[in-house]
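Q: Sharing a structure here in structure tokens format.
The values are calculated or read from the model by the stated rules, or taken from the named source; none is laboratory data. Model, not experiment: these values are computed from the prediction. Positions of Cβ are generated from backbone atoms using ideal geometry, with glycine treated the same way; all protein chains shown enter the neighbour counts. Heavy atoms of the whole protein, side chains included, go into the accessibility calculation; ligands, DNA and RNA do not. Shrake-Rupley method; radii C 1.70, N 1.55, O 1.52, S 1.80 Å.
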Amino acid sequence: MQVLPILVPLMPGETPASFASRLAWANGLSFASEFCTDQGFTLQAIADGDERALSILARLGGVELAQLMRGVVCKVSTGQYRLAGQLIEKRWITRRRLRFCPECVADDISADTGGGAAQKCAWHVPSIGTCLHHQVRLYDDDSYSHSRGPHDFAGRIRDLNLGTDQLRELVAAQVSTGLEDYLTRRLAGEQQGTWLDNIGFGAVALGAEIFGVVDLFGIDAKLKHLSDNEKRRAGARGFEFLSEGEKGLFRLLRRLHREAGSPISLSRRNYGCLFSWLEQSHAEQYEPLRDLVRKFFVETYPIGKGELVLGKPCATRRVHSVETLRRDLGLGRRQTIELLGANGFLRPDPQAGNSAKGVVRDAQALAPLVKSFTRAICQVAAQKKINAPRAQFGALVAGGIIRPIAGSPVGRPYYDEGQLDAFLASIAPCATVAKADGLVGIQSVCRKAVAGAVDVVRLIQNGELKTVVRDIEQDGYLSVLLDPAEVAEALRLIRPDGYLRSTLAEFFGINASAVRYLVDKRYLELVRARHPISRKSVQVVPYGAVDQFLQRYIPGKHYAEFRGGSTRKVSDQLIKERVPFIQMPEECSGRIFRRSEVTSGVEELANRLPFSHDEIAWPEL
């Protein structure tokens, strides 16, 4: 096929249909459709981007096919078109309506090319209402000739019968918006170095318009009720948000959230037309925008893993409300609020009727709490689970056999069911009896052997008792039967981990009054224990408390032993040197000094370590 005798130049950004229209006129044909038919293809095929038709047109017009393809409009899927290489939905392309820049058309007509006016790709896009080159508003003409069709651009311009002077009378100066600049340059093939370059052309155009509409006209605005100028303003405003990426969109979405009263639950009515558009625009090119909005929703509302957000399941929960946390924990609302308060996640407001209203907390920060309390039960339920009397249960807790979950509210401890199951397994009898003469339960053993529940349970857990059987008529803690005589013998001579006050007084070189004073002033503490021989309840100073005390203080007796002198002389010398010591009443004898102020005080402690507390506190055993 030969090149046509009369050629016209392919203009920058020109559509192939426009090029065919100009070639037809240059070669003596008024209708482009007639010209195309004569050459073996149709004008509609050119307008639809048919490759065969475009190849023939390129050869006829003496241009490279690649150059011609730059302005092609072609269908890529149902409702999706590619315009000059950019993806856009068919409903957002204007082809029937005649849109053009009067200055550009006047320039083409006055130029000595013989082909007439060229149509640019950008004029197909409703979001572009300004000529970037001339900074004038695009002119819209509603006239339409069925015989000529929508794609014969040069012919449609001739039908208007407008000269260059008349065309320039249509000019209205208008500064292009940021959105119009971006879209026009993108159609021209320019990479503009923003994140928007990586998402669909149509998503940028329509996304900017929707976000701007919501910002300027509210969430209840209807696109079809807005004028072209209002849509243009909205597009410019929305493009400002889009240009900032996540930061800009989140700023707008946070404002909408505040204006809705900062609700806890996600509701489509709080985002109006924006939510509807995101939900109904199923094209893949909108997915990056949906992802950003989806991220905001997941970070703002208590949406659980697997819940659908704009058509996609949530991958992981980001925030909790009191209600969702309550469901995860299996607790009541009041208990959940108490738990949040006890762990510093919620500060009660005395001015507010409901301190938890509107509370949303970071799920990641709450994860340890959820993990710890997922199988939590209250104390009453815990007592029922292990079937232990309240006094016995309290003793087990006090002795550290059963521990409340760390972070439980003050006065309302919770217990982990897994820990309780492990406790029951640790005391489970190996044998079962229907009737056991002489054997009694743990509670009775404690009375008969003058023992505490903790001591008896530890004997069972350590395997130190031969007789541990189960009463078939009971469950759990009350089902364990023991021999009181065996328990009493096993408990005999078991030393408590602490000093009797009299023994500690002798160790420190002070009298009983001085020990009493140190306890009263919280230098030392007393705890209950069983005497290893009499099995009576006694008070002892724990070894740990003694260690902590000796880290800070040094008794005069200890320093005298270290220096090899008498306690009185060494103490008097330290007092003479003005070494600080604990001031005690007159009835208290012995002196205790601040270790850091005593020469070689630290060396004395190092020389004495490690302490053999058992040998000092209970030498007879």
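Q: Given Val541, Val457, which one is at pLDDT 90 or above and part of a strand (DSSP E or B)? Break it down stepwise before answering.
A: Values: Val457 fails: part of a strand (DSSP E or B).
Exactly one of Val541, Val457 is at pLDDT 90 or above and part of a strand (DSSP E or B), namely Val541.
Q: Let me ask something additional. Anything in segment 490-507 that is within 22 Å of His558 (Cα to Cα) and either in a loop (DSSP other than H, G, I, E, B) or open to solvent by 80 Å² or more (accessible area, probe 1.4 Å) (or both)? List them, or say none. Don't jump to the end; show me each part of the working.
A: Residues of segment 490-507 within 22 Å of His558 (Cα to Cα): 497-507.
Correct list: Asp497, Arg501, Ser502, Glu506.
Listed here are the residues, each with its yes/no results for (1) under 22 Å from Tyr499 (Cα atoms); (2) of a type in the set (Lys, Arg); (3) not in a loop (DSSP other than H, G, I, E, B).
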{"position": "Tyr559", "(1), (2), (3)": "yes, no, yes"}
{"position": "Asp572", "(1), (2), (3)": "no, no, yes"}
{"position": "Arg578", "(1), (2), (3)": "no, yes, no"}
{"position": "Gln583", "(1), (2), (3)": "no, no, no"}
{"position": "Val602", "(1), (2), (3)": "no, no, yes"}
{"position": "Leu605", "(1), (2), (3)": "yes, no, yes"}
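Q: Taking Asp471 as the residue in question, decide whether it is out of contact with any helix residue (DSSP H, G or I) (no Cβ under 9 Å at 6 or more places or on another chain), open to solvent by 20 Å² or more (accessible area, probe 1.4 Å) and either not hydrophobic (A, V, I, L, M, F, W, C) or not assigned by the TED database to the domain that holds Gly394 (or both). Steps first, answer last, please.
A: Numbers: out of contact with any helix residue (DSSP H, G or I) (no Cβ under 9 Å at 6 or more places or on another chain): no; open to solvent by 20 Å² or more (accessible area, probe 1.4 Å): yes; either not hydrophobic (A, V, I, L, M, F, W, C) or not assigned by the TED database to the domain that holds Gly394 (or both): yes.
So Asp471 does not fit the description; no.
Q: Still on this structure, please answer the following. Scan segment 298-317 for residues that are part of a loop (DSSP other than H, G, I, E, B), surrounded by fewer than 19 Cβ atoms within 10 Å (Cβ to Cβ) and either within 10 Å of the chain's Cα centre (by Cα) or of a type in the set (S, T, N, Q) (or both) and jot them down.
A: Once the filter is applied, which keeps residues that are part of a loop (DSSP other than H, G, I, E, B), surrounded by fewer than 19 Cβ atoms within 10 Å (Cβ to Cβ) and either within 10 Å of the chain's Cα centre (by Cα) or of a type in the set (S, T, N, Q) (or both), segment 298-317 yields only Thr316.
Q: Only residues that are of a type in the set (Val, Ile, Thr) and farther than 24 Å from Arg185 by Cα: list them for segment 47-84, please. Give the steps one after another, and end with the answer.
A: In the first step, residues of segment 47-84 are kept if they are of a type in the set (Val, Ile, Thr); the result is 56, 63, 72-73, 76, 78.
Once the filter is applied, which keeps residues that are of a type in the set (Val, Ile, Thr) and farther than 24 Å from Arg185 by Cα, segment 47-84 yields Ile56, Thr78.
Q: Show the residue pairs that are 6+ apart or on different chains and have beta-carbon atoms under 9 Å apart, the first residue being within segment 574-592 and among the charged types (D, E, K, R), the second being assigned to a loop (DSSP other than H, G, I, E, B) and open to solvent by 60 Å² or more (accessible area, probe 1.4 Å).
A: The qualifying pairs are Glu577/Thr599.
Q: Further question: Which one of the conditions (1) closer than 21 Å to Ile128 by Cβ; (2) open to solvent by 70 Å² or more (accessible area, probe 1.4 Å) does Phe211 fail to meet, given that it meets all the rest?
A: (2)
Q: A further question on this structure: Pairs, please: C-beta under 6 Å, at least 6 apart or cross-chain, first residue among the acidic types (Asp, Glu) and in segment 362-383, second assigned to a helix (DSSP H, G or I) and buried (at least 16 other Cβ atoms within 10 Å of the Cβ)?
A: Once the first residue is among the acidic types (Asp, Glu) and sits in segment 362-383, no partner that is assigned to a helix (DSSP H, G or I) and buried (at least 16 other Cβ atoms within 10 Å of the Cβ) comes close enough.
Q: Now for a different question. For segment 171-191, name all the residues that are surrounded by fewer than 19 Cβ atoms within 10 Å (Cβ to Cβ) and touching a residue at least 40 places away in the same chain (Cβ under 8 Å).
A: First, pick out the residues of segment 171-191 that are surrounded by fewer than 19 Cβ atoms within 10 Å (Cβ to Cβ): 171-175, 178, 181, 185, 188-191.
Scanning segment 171-191 gives Val171, Gln174, Val175, Gly178, Asp181, Arg185, Ala188, Gly189.
Q: Next question, about the same structure. Scan Gly245, Gly238 and give me the residue that is under 21 Å from the mean Cα position of the chain (by Cα), surrounded by 13 or more Cβ atoms within 10 Å (Cβ to Cβ), within 26 Å of Ala122 (Cα to Cα) and small (Gly, Ala, Ser).
A: On the way: Gly238 fails: under 21 Å from the mean Cα position of the chain (by Cα).
Residue meeting the stated conditions: Gly245.
Q: Could you check how many residues of segment 421-445 are of a type in the set (A, V, I, L, M, F, W, C) and either free of Cβ contacts under 8 Å to residues at least 40 places away in the same chain or part of a loop (DSSP other than H, G, I, E, B) (or both)?
A: Selection size over segment 421-445: 10.
Q: Still on this model: If His531 passes every condition in (1) of a type outside the set (D, E, K, R); (2) modelled with pLDDT under 90; (3) more than 21 Å from Asp497 (Cα to Cα); (4) touching a strand residue (DSSP E or B) at 6+ places or on another chain (Cβ under 6 Å) but one, which one does it miss?
A: (3)
For every residue, the table says whether it meets (1) assigned by the TED database to the domain that holds Arg334; (2) part of a helix (DSSP H, G or I); (3) surrounded by fewer than 17 Cβ atoms within 10 Å (Cβ to Cβ).
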position: Val370; (1), (2), (3): yes, yes, yes
position: Lys384; (1), (2), (3): no, yes, yes
position: Leu396; (1), (2), (3): no, yes, no
position: Gly400; (1), (2), (3): no, no, yes
position: Ala406; (1), (2), (3): no, no, yes
position: Val410; (1), (2), (3): no, no, yes
position: Gln419; (1), (2), (3): no, yes, yes
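So that you can scan it fast, the table gives a plain yes or no per residue for (1) out of contact with any strand residue (DSSP E or B) (no Cβ under 7 Å at 6 or more places or on another chain); (2) over 24 Å from Ala221 (Cα atoms); (3) in the same structural domain as Gly202 (by the TED database):
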residue: Phe275; (1), (2), (3): yes, no, yes
residue: Ser281; (1), (2), (3): yes, no, yes
residue: Pro288; (1), (2), (3): yes, no, yes
residue: Phe296; (1), (2), (3): yes, no, yes
residue: Glu299; (1), (2), (3): no, yes, yes
residue: Leu310; (1), (2), (3): yes, no, yes
residue: Gly330; (1), (2), (3): yes, yes, no
residue: Arg334; (1), (2), (3): yes, yes, no
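Q: Please count how many residues of segment 592-621 are open to solvent by less than 90 Å² (accessible area, probe 1.4 Å), more than 54 Å from the chain's Cα centre (by Cα) and at pLDDT below 85.
A: 1
Q: Can you tell me which of (1) on the phi > 0 side of the Ramachandran plot; (2) loosely packed, with under 15 Cβ neighbours inside 10 Å is the one Arg535 doesn't meet?
A: Evaluating Arg535 over (1) on the phi > 0 side of the Ramachandran plot; (2) loosely packed, with under 15 Cβ neighbours inside 10 Å leaves (2) as the failure.
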